[in-house]
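Here the structure comes first, spelled out in structure tokens, and everything after it is commentary.
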Amino acid sequence: MPELPEVETVRKTLKHLTVGKEIKDVSIFWGNIIKQPKDPNAFGDLLRGQSIKDIDRKGKFLIFHLDDIALVSHLRMEGKFGVYDGTLEKPKHTHVIFHFTDGTELRYNDVRKFGTMHAFKKGEEALNKPLVQLGPDPFDEAFTLDYFHQRLLKTSRNMKAVLLDQSLVAGLGNIYVDEALFRAGLHPERTANTLTREEAESIREASITVILEAIEQGGTTIRSYLNSQGEIGMFQQQLRVYGKQDMECLNCGTPIVKTKVGGRGTHVCPVCQPLHVSE
DNA sequence: CTCAGTACCTGGTTGC
DNA sequence: TGCAACCAGGTACTGA
């Protein structure tokens, strides 16, 4: 469930379900999920006996604040957390289980095993990869027009790639980049350093709006899958181009086109998002 | 340094 | 039906 609004929804749910619980033990069934410390046993040693104080988020990362440790986790494509009764049998794709002293468990489930977990001593998480390389969230006050436009002027990459770059702005993924570009009327293959200040402001505002609206709606649920607590986002009803190929553009009626930009499936209205200005 | 291509994984869908 | 190829909401690493 992985762009910023989905991660934010997970954060809120997990916070209610886990704050105050103490980790009695950790079971790891697929060690590659654990990136820091590299040895999964050392990871378990750090977490044992720690209680969950709070859950935070930066970009698409969840940050579990424990007594002396910060656990940073990324869901990548299909990672899900859920809290369950510890007596239930482990499903096939559950790779990490945090056993709580009250008999419940926080389980990490991930069909593709792409997700990551980093454990740091309290305070060090912000100084190290992966968090240190993140840009501001879209609605951060640090995401100013000056900052954004300056960054755009420094690169000849296309806008699709730039908006997916988490070091410039954190939290946008394939769905929200397509949606924001459509709302700003910009073509995904526009070269970043050709944007006017007005165009930069337009896409900056569209990014913020789309992300905030999606958070309000509980995120986007596609490919009909619920997260582990059975919740479902509603923002898919607001999507205007993502997954809408061959359907009529809501603005002009032209069929939405699906192409590939930078290796990612990309949805665009060829009329509302012209690549070249028509004369 | 930047950037495009590839690697990491599994499973659902598409097309012959 | 069978099966290969392609696709998926992401990012780290490689080498040009």
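The values are calculated or read from the model by the stated rules, or taken from the named source; none is laboratory data. Source: prediction; values computed, not measured. No Cβ is skipped: glycine too gets one built from the backbone with ideal geometry, and neighbour counts run over all protein chains shown. Keep in mind that these areas ignore ligands, DNA and RNA; they rest on the heavy atoms of the full protein, side chains included. Shrake-Rupley method; radii C 1.70, N 1.55, O 1.52, S 1.80 Å.
A few comments on the model shown:
- Tilt relative to chain A, helix A:174-184 - C-alpha long axis, 0 to 90 degrees, to 10: 30 degrees
- Across all C-alpha atoms in the stretch A:4-133, the radius of gyration and Dmax reach 13.2, 40 Å.
- A straight chain from A:Val19 to A:Lys38 at 0.36 nm per residue would run longer than the Cα-Cα distance by 4.2 nm.
- Charged side chains reduced to their Cβ positions (Lys and Arg at +1, Asp and Glu at -1) give the stretch A:145-268 a dipole of some 460 debye around its Cα centre.
- For A:Arg264 and A:Lys113, a Förster radius of 22 Å and the Cβ-Cβ distance give a FRET efficiency of 0.60, rounded to the nearest 0.05.
- Cα long-axis angle, helix A:197-216 against chain A (0 to 90 degrees, to the nearest 10): 40 degrees
- With at most 16 other Cβ atoms within 10 Å, longest stretch of chain A clear of loop chymotrypsin sites (Phe, Trp or Tyr not before Pro) (DSSP): A:140-224
- Cα-derived Rg over Rh, computed across chain A with Rh taken as Kirkwood radius: 1.01
- Viscosity 1.306 mPa s, 10 °C: Kirkwood-radius Stokes-Einstein D of the stretch A:1-78 over Cα pairs, µm²/s: 121 µm²/s
- Among the protein heavy atoms of the stretch A:145-268, carbon and sulfur supply 46% of the accessible surface, probe 1.4 Å, non-protein parts ignored.
- If you plug the beta carbon distance of A:Val257 and A:Ile222 into 1/(1 + (r/R0)^6) with R0 = 30 Å, you get a FRET efficiency near 0.95.
- For the stretch A:145-268, the relative contact order comes to 24 percent (Cα pairs under 8 Å, sequence separation of at least 6).
- Overall dimensions of the stretch A:145-268 by Cα: Rg and Dmax, Å: 14.6, 44
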